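A.B. asks: Quick one: the structure is below, questions incoming.
The values are calculated or read from the model by the stated rules, or taken from the named source; none is laboratory data. As the structure is a computational prediction, the values presented were derived from the model and not from experiment. Please note: Cβ atoms are built from the backbone with ideal geometry, for glycine as well, and neighbour counts cover all protein chains shown.
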Amino acid sequence: MMRVEYLIVGYGIAGATLAAELRGRGHSVLVLDVARPDSASRVAAGLMNPVAGKRFALAWRADELLTAAGAFYRAQEQRLGQRFLHELPIVKLFSSVQEQNTMLARSADAPWLDFVTDATGELPALPGVQQELGGLRIRRGGFVLVEELLTALTAEGLAAGWLRHETFDWGRLVADSAGGFTYAGRVQTRHVVSCEGAATLQNPYFGWLPLTPNQGEVLTVECPGLPSATVLNKGAYVVPLGGSRLRVGATYRWPPFAAGTTPEALAELSDRLRTITPQPFTVADQRAGVRPAVRDRKPLLGTHPETPGVHVFNGFGSKGVMMAPRLAQVMADWLENDVAPWPEVNIRRYLTLYSPPNSGPPASPVSRP
Ligand SMILES: Cc1cc2nc3c(=O)[nH]c(=O)nc-3n(C[C@H](O)[C@H](O)[C@H](O)COP(=O)(O)OP(=O)(O)OC[C@H]3O[C@@H](n4cnc5c(N)ncnc54)[C@H](O)[C@@H]3O)c2cc1C
């Protein structure tokens with residue numbers, strides 16, 4: 001029988017940051033993950049953008065999240081001897097005069113000033129880029145090569161034995177008399193943490209949480225002549241991957257959506273790229289994944305209302321890369337020291353959606369010996 005303090009289910013960016021945080025604090029961890037090439041984290045372009053959206057809103061807790069994310073990804077680079085984090089300016093190209101006016105007005109004020117380099121809207125000429133309405137350069141953002149990071153971390157975990165490629169079957173989790181659990185008759189643990197991304201919708205403990213899957217697609221294109229050290233953003237983001245290779249994303253589809261890639265997304269992203277550059281391009285790859293989105297756009301951290309050893313770390317929507325490292329610390333503080341997660345991310349905010357066992361489904365599904 002293997003004994004660990006924490007059994008983590010799922011190894012996307014959520015499971016990876018939480019496992020690293022708990023292991024870094026000296027805890028024993030076992031991760032079970034079915035590595036799927038279409039998991040959100042492996043498809044994501046890895047963008048970290050502190051100022052985003054049509055309303056040019058400053059991302060929630062941008063400063064704190066970016067600081068922790070930068071430290072986490074740099075630490076992994078040092079340990080693994082590979083580069084993952086590319087801190088690059090993000091050029092927001094204006095697509096209308098109205099957008100130009102809104103963004104220029106906002107960018108002149110604190111706290112945007114911290115994140116915008118030149119609030120005049122007059123960009124230096126960027127090769128191959130259509131920039132007739134100008135734009136703003138956003139700093140402190142960039143992108144992370146998430147798939148490369150997860151591949152390296154997974155190889156490390158497999159070699160050391162703290163990660164296994166295996167589907168976790170929640171029906172085989174049995175509570176023991178000492179307040180812990182036995183999984184499939186071969187792992188004993190005090191805590192099980194669901195980091196299953198959109199698959200949490202099928203989780204018997206957490207299916208009541210207001211998680212909505214949101215499908216996204218990205219393209220990898222070959223397009224010579226664009227800036228190699230700038231992320232471009234105008235309806236779509238364009239991330240330089242080296243040479244003439246770029247990642248272009250992303251689409252957003254609410255259910256019902258088709259599984260896998262679609263010709264509609266190919267057309268939509270190609271059209272958006274054409275508004276950014278007149279350069280010819282070829283599409284080398286197209287991928288789709290499903291974001292674990294939440295109604296209020298805040299993650300879901302906490303513990304099952306009636307089963308104290310079963311927890312959830314999820315709901316990262318379209319911003320997992322930037323949010324997960326800091327929130328893994330918040331989650332570890334909860335698991336280790338009983339420091340409650342921030343109210344904005346604590347699943348207790350949705351407790352009214354939970355039905356206790358005697359008032360209809362879903363009941364706590366753990367089997368008692
Ligand atoms: C097209 C697209 C583009 C995106 N671009 C960005 C971006 O630029 N920046 C950004 O920050 N975010 C982006 N995102 C969002 C980001 O990908 C998510 O916020 C993040 O990846 C969610 O991570 P996660 O670990 O919660 O889930 P996932 O990445 O889905 O990981 C869950 C893992 O758990 C495994 N799993 C599930 N159930 C089980 C089980 N029972 N047993 C074993 N394993 C299980 C899955 O196979 C998977 O490996 C994008 C998403 C998409 C789809």
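A.B. asks: Could you please let me know if GLY121 is touching a strand residue (DSSP E or B) at 6+ places or on another chain (Cβ under 7 Å) and farther than 27 Å from VAL321 by Cα?
C.D. replies: Answer is yes for this residue.
A.B. asks: Here's another thing I want to ask about it. Can you tell me how many residues in the range 49-61 are more than 9 Å from the ligand (Cβ to nearest atom) and in contact (Cβ under 8 Å) with a residue 40 or more places away in the chain?
C.D. replies: Residues flagged as more than 9 Å from the ligand (Cβ to nearest atom) and in contact (Cβ under 8 Å) with a residue 40 or more places away in the chain within the range 49-61 amount to 9.
A.B. asks: Could you tell me which residue of the range 168-200 is farthest from the ligand (Cβ to nearest atom), considering only residues that are closer than 14 Å to GLY12 by Cα and touching a strand residue (DSSP E or B) at 6+ places or on another chain (Cβ under 8 Å)?
C.D. replies: So, considering only residues that are closer than 14 Å to GLY12 by Cα and touching a strand residue (DSSP E or B) at 6+ places or on another chain (Cβ under 8 Å), the one farthest from the ligand (Cβ to nearest atom) is VAL193.
A.B. asks: If we keep just the residues of the range 303-328 that are of a type in the set (D, E, K, R) and within 14 Å of the ligand (Cβ to nearest atom), which is nearest to VAL345 (Cα to Cα)?
C.D. replies: That would be ARG326.
A.B. asks: So GLY46 clears everything in (1) within 16 Å of the ligand (Cβ to nearest atom); (2) surrounded by fewer than 16 Cβ atoms within 10 Å (Cβ to Cβ); (3) closer than 29 Å to VAL238 by Cβ except one condition, right? Which one?
C.D. replies: (2)
A.B. asks: Being part of a loop (DSSP other than H, G, I, E, B), at negative phi and near the ligand (Cβ under 9 Å from one of its atoms) is the filter here; which residues of the range 7-28 pass it?
C.D. replies: Selection gives TYR11, GLY12.
A.B. asks: Also, quick follow-up: Just to be sure I understand the filter: pairs with C-beta atoms under 6 Å, separated by 6 or more residues or on different chains, first member in the range 288-303 and polar (S, T, N, Q), second member at pLDDT 95 or above. Which pairs pass?
C.D. replies: Taking only residues 6 or more apart or on different chains, the pairs are THR303/HIS311.
A.B. asks: Considering only the range 319-340, I want to know if a residue exists there that is basic (Lys, Arg) and in contact with a Gly (Cβ under 7 Å, 6 or more places away or on another chain).
C.D. replies: no
A.B. asks: Let me ask another. Can you go through LEU158, LEU209 and tell me which one is surrounded by 16 or more Cβ atoms within 10 Å (Cβ to Cβ), more than 10 Å from the ligand (Cβ to nearest atom) and of a type in the set (A, V, I, L, M)?
C.D. replies: Just a single option satisfies the conditions, and that option is LEU209.
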